[in-house]
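Derivation of every value follows stated rules applied to the coordinates shown; laboratory data play no part. In this text, all values refer to a predicted model and were calculated from it rather than measured experimentally. Cβ atoms come from the backbone with ideal geometry, glycine included; neighbour counts cover every protein chain shown.
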Ligand code: ADP
Ligand code: MG
């Protein structure tokens with residue numbers, strides 16, 4: 001679907017990535033390349049290391065071994081400016097973590113103003129555009145407590161977009177939502193994908209993964225077991241573990 005935007009330029013290069021928490025090696029050597037404009041969905045059983053993998057891509061976790069290179073910058077390098085790298089990578093979690101005392105608009109304006117990337121007036125203009133993009137123009141002055149789960153998550157996405165990232169990471173962005181609100185959030189992701197955003201999406205929404213992604217990665221026990229186009233991975237999985245997982249969730 002979004003493949004017309006995928007270029008051959010590598011956006012994220014992951015080589016031999018390992019992550020251990022004490023004795024527990026959670027990522028056991030991950031190799032992957034993510035192209036500019038590509039939408040990659042990561043699926044797999046609970047505890048397989050999907051969130052840890054995602055968090056390594058913007059170095060929210062220390063990397064035990066291997067390399068993560070984003071836009072040519074090796075995040076494991078000593079002098080890397082992590083703030084700058086992270087400004088280019090938006091992240092959306094299962095729980096929205098909006099500031100409860102701020103309106104939707106103020107939540108979206110916060111990072112660009114705090115990082116002095118924009119003046120307040122400029123940040124407001126950008127935030128209003130983003131709220132419009134996620135269908136929440138009429139909720140700009142509402143605080144999180146007055147918003148539904150789906151609306152809060154859309155504010156969280158707008159907030160992540162406010163720094164104009166070129167990569168967006170989603171970690172089970174719809175898992176905490178009531179079923180009737182999943183669709184409105186997935187629609188925002190779909191629109192982003194169409195717009196050419198590079199996206200890595202950890203999801204349980206197999207329909208979404210099949211429809212929107214350029215590539216699907218199946219992870220289990222800290223390794224990539226299998227990857228391929230949605231048609232390959234869902235239609236003709238090769239590995240017995242992939243087959244077993246898909247039999248359980250589809
Ligand atoms: P998934 O997102 O696929 O469910 P996670 O990446 O959250 O998997 O977790 C993979 C493994 O790493 C689990 O065994 C989990 O207990 C462990 N883990 C994750 N984060 C930490 C942490 N901060 N400290 C210790 N262990 C962790
Ligand atoms: Mg997880």
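Using a 7 Å offset from the Cα along the Cα-to-Cβ direction at both residue 211 and residue 142, what is the distance between the two label points in nm, to one decimal?
2.3
If I stretch the segment between residue 114 and residue 9 completely, what's the gain in nm (0.36 nm per residue apart, minus their alpha carbon distance), one decimal? Mind dumping the intermediate values first?
Numbers: separation 105, 0.36 × 105 = 37.80 nm, distance 3.19 nm.
Between residue 114 and residue 9, full extension yields an extra 34.6 nm.
Cα atoms only: what Rg and Dmax, in Å, come out for the range 56-116?
14.3, 41
Could you give the semi-axes, largest first, of the ellipsoid that matches the range 201-250, computed as the square roots of 5 times the alpha carbon gyration tensor eigenvalues and rounded to whole Å?
Working: eigenvalues 45, 27, 24 Å².
Listed largest to smallest, the semi-axes of the range 201-250 are 15, 12, 11 Å.
How much FRET efficiency would the formula 1/(1 + (r/R0)^6) give for residue 62 and residue 99, where r is the Cβ-Cβ distance and R0 is 22 Å, rounded to 0.05?
Values: r = 27 Å, r/R0 = 1.23.
Calculated transfer efficiency: 0.20.
So how tilted is helix 104-114 from the main axis of the chain? Cα-based, degrees 0 to 90, rounded to 10.
It is inclined by approximately 80 degrees.
What share of the DSSP beta bridges in the range 113-250 is antiparallel, in percent to the nearest 5? Please report the intermediate quantities before stating the final value.
On the way: 5 of 10 bridges.
Roughly 50 percent of the beta bridges in the range 113-250 run antiparallel, per DSSP.
Could you tell me, in Å, what Rg and Dmax come out for the Cα atoms of the chain?
In order Rg, Dmax, the Cα atoms of the chain give 18.0, 55 Å.
Would you mind telling me which residue in 29, 77, 183 has the biggest mean-square fluctuation in a Gaussian network model of the chain, where springs connect alpha carbons within a distance under 10 angstrom?
77
Would you calculate the separation in nanometres between label points at residue 132 and residue 187, each defined as 7 Å from the Cα along the Cα-to-beta-carbon direction?
Distance between the two pseudo-spin positions: 1.8 nm.
I need the calculated FRET efficiency for the pair residue 229 and residue 79, taking r as the beta carbon distance and R₀ as 30 Å, to the nearest 0.05. The partial results should precede the final answer.
Values: r = 38 Å, r/R0 = 1.27.
Calculated value: 0.20.
For the range 15-152, how big is the tail of P(r) above 20 Å, as a whole percent of Cα pairs? Don't skip to the end; give the middle numbers.
Values: 5529 of 9453 pairs.
Here the tail beyond 20 Å accounts for 58 percent of pairs.
With the contact rule set at Cα under 8 Å and sequence spacing of 6 or more, what percent relative contact order holds for the range 1-156? Let's see the in-between values first.
Working: 204 pairs, mean separation 28.5, N = 156.
Relative contact order comes out at 18 percent.
Which whole-number percentage describes the relative contact order of the range 178-230, with Cα contacts under 8 Å and a sequence gap of 6 or more?
Details: 32 pairs, mean separation 12.4, N = 53.
Relative contact order for the range 178-230 comes out at 23 percent.
For helix 149-161, what angle does its Cα long axis make with the longest principal axis of the chain, in degrees from 0 to 90 and rounded to 10?
90
Relative to the longest principal axis of the chain, what angle (0 to 90°, nearest 10) does the C-alpha long axis of helix 179-194 take?
Helix 179-194 sits roughly 80 degrees off the main axis of the chain.
Taking the Cα-to-Cβ direction at residue 24 and at residue 221 and moving 7 Å from each Cα, how far apart do the two end points lie in nm?
Each label point is offset 7 Å from its Cα along the Cβ direction, giving 1.6 nm.
Scale the Cα Rg of the range 111-250 by the rule-of-thumb value 2.2 N^0.38 Å and send over the ratio, two decimals. Please report the intermediate quantities before stating the final value.
Details: Rg = 17.5 Å, N = 140, 2.2 N^0.38 = 14.4 Å.
Rg over 2.2 N^0.38 Å, computed on Cα atoms: 1.21.
With runs of 4+ DSSP H residues as the only contributors, calculate the mean residue ellipticity of the chain at 222 nm using -39,500 (n - 2.57) per run, divided by the residue total and rounded to the nearest 500.
Calculated at 222 nm, the ellipticity per residue is -10500 deg cm²/dmol.
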